[in-house]
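Let me begin by presenting the structure, written as structure tokens, before commenting on it.
The values are calculated or read from the model by the stated rules, or taken from the named source; none is laboratory data. All of these numbers come straight from a predicted model, not from anything done at the bench. Neighbour counts are summed over all protein chains in view; Cβ atoms, including those assigned to glycine, are modelled from backbone coordinates with ideal geometry.
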Amino acid sequence: MQEFTIDRDNGASLFFTGELLVKVSSSDNNASGSSYSGQTGRWQVLALYKTEGGKLICERIDRTRSQGERDSHHAKVCANSNEVIDFFGHGWLAKDLYDEAEINACEIVD
């Protein structure tokens with residue numbers, strides 16, 4: 001276990017002891033193949049942590065290389081995988097995170 005501080009825009013930073021479970025990233029380089037974000041100069045980093053107490057911490061950083069713009073930082077404390085899915089959504093990068101974290105994000109149909 002190690003200590004983490006996760007910055008959030010418009011909210012208090014999160015400080016906790018835990019472990020990084022999964023971290024995935026798109027790329028701002030269109031030559032990078034399947035990880036290309038679709039926007040030159042912009043990409044996302046998604047991370048999922050587990051606290052010592054068993055809570056899940058979701059982090060999304062929207063990165064930019066554009067002059068005059070800043071990276072944006074978003075994070076949420078979650079109690080279960082359903083809340084993680086609500087935070088990250090169902091985009092291709094989130095699905096990569098779910099696969100690595102072994103989270104079933106499928107809609108169950110009878």
- Residue satisfying condition, being buried (at least 16 other Cβ atoms within 10 Å of the Cβ), hydroxyl-bearing (S, T, Y) and either farther than 20 Å from N104 by Cα or at pLDDT 95 or above (or both), within set S81, S72: S81
- Item | Search result, residues across the stretch 40-69 that are acidic (D, E), exposed (fewer than 15 other Cβ atoms within 10 Å of the Cβ) and touching a Phe, Trp or Tyr at 6+ places or on another chain (Cβ under 9 Å) | E52
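Residues checked against (1) touching a helix residue (DSSP H, G or I) at 6+ places or on another chain (Cβ under 9 Å); (2) under 22 Å from T5 (Cα atoms):
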| residue | (1), (2) |
| --- | --- |
| Q67 | no, no |
| S72 | no, yes |
| F88 | yes, yes |
| D99 | no, no |
| N104 | yes, no |
